[in-house]
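The values are calculated or read from the model by the stated rules, or taken from the named source; none is laboratory data. Predicted, not measured: the structure shown is a model, and the values here were computed from it. Cβ sites come from the backbone with ideal geometry, for glycine too, and all protein chains shown count toward neighbours. Areas reflect the complete protein model, heavy atoms only, side chains present, ligands, DNA and RNA absent. Shrake-Rupley method; radii C 1.70, N 1.55, O 1.52, S 1.80 Å.
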Amino acid sequence: IWMIKKVKNKILLSRGGKIFKYVDKKKSYFKNFGEVYVNFLNSNKKIDWIFHKKCQCLILVVQGKIKFITKKKNNKINNFILSSKRNHLFVIPPKTWFRFYSISSKSIFLNLIDKLHDPKEILRKKIN
């Protein structure tokens with residue numbers, strides 16, 4: 001069963017500051033490497049609903065704070081707030097509707113998907 005997860009990753013201390021671990025191929029949530037995207041968001045710009053038929057998303061906020069809203073088949077809505085101050089990896093399985101927006105003035109997040117981009121694999125729906 002695929003589940004939406006918020007996973008606490010390691011934060012390593014170095015002489016220069018902190019190192020946030022993003023992905024480890026030995027972890028159970030890591031399926032495959034497809035592509036990595038860097039997303040830049042302006043404050044309160046709400047993104048429409050996104051649905052990946054086959055892709056899993058592994059998301060890490062690297063600047064700011066972002067609210068993610070998810071919805072599964074049962075229409076149960078969950079809210080998650082991710083911040084660059086913590087090293088939480090957000091795992092969004094296939095067949096999950098999700099949307100997001102920055103609650104900081106600007107936010108940046110990484111999104112690793114487990115397959116190459118295919119526009120036929122994605123559904124989009126306007127926010128009501």
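Descriptive notes on the structure:
- Which numbered condition ASN74 misses (of (1) surrounded by 17 or more Cβ atoms within 10 Å (Cβ to Cβ); (2) among the polar types (S, T, N, Q); (3) without any contact (Cβ under 8 Å) to a residue 12 or more places away in the chain): (1)
- Residues of region 1-40 satisfying the condition of being aliphatic (A, V, I, L, M) and either under 27 Å from LYS106 (Cβ atoms) or in a strand (DSSP E or B) (or both): ILE4, VAL7, ILE11, LEU12, LEU13, ILE19, VAL23, VAL36, VAL38
- Qualifying residue in region 120-127 (condition: closer than 28 Å to LEU13 by Cβ and surrounded by 15 or more Cβ atoms within 10 Å (Cβ to Cβ)): no
- Given (1) open to solvent by 10 Å² or more (accessible area, probe 1.4 Å); (2) in contact with a Phe, Trp or Tyr (Cβ under 7 Å, 6 or more places away or on another chain); (3) at pLDDT below 95, index of the condition ARG99 fails: (3)
- Test: residue in region 31-38 that is in contact with a helix residue (DSSP H, G or I) (Cβ under 6 Å, 6 or more places away or on another chain), under 27 Å from ASN75 (Cβ atoms) and open to solvent by 40 Å² or more (accessible area, probe 1.4 Å): no
- Verdict on LYS45 being of a type in the set (Lys, Arg), within 20 Å of SER83 (Cα to Cα) and not in a strand (DSSP E or B): yes
- Residue check, ILE81 surrounded by fewer than 16 Cβ atoms within 10 Å (Cβ to Cβ), closer than 22 Å to MET3 by Cα and either out of contact with any helix residue (DSSP H, G or I) (no Cβ under 8 Å at 6 or more places or on another chain) or modelled with pLDDT of 95 or more (or both): yes
- Of everything in region 19-30 that is exposed (fewer than 10 other Cβ atoms within 10 Å of the Cβ) and at pLDDT 85 or above, the residue that is nearest to the chain's Cα centre (by Cα) is LYS25.
- SER107 meets the conditions (1) modelled with pLDDT of 95 or more; (2) open to solvent by 90 Å² or more (accessible area, probe 1.4 Å) in every case but one. The failed one is (2).
- On the stretch given as region 39-71, residues that are more than 13 Å from the chain's Cα centre (by Cα) and free of Cβ contacts under 8 Å to residues at least 40 places away in the same chain total 1.
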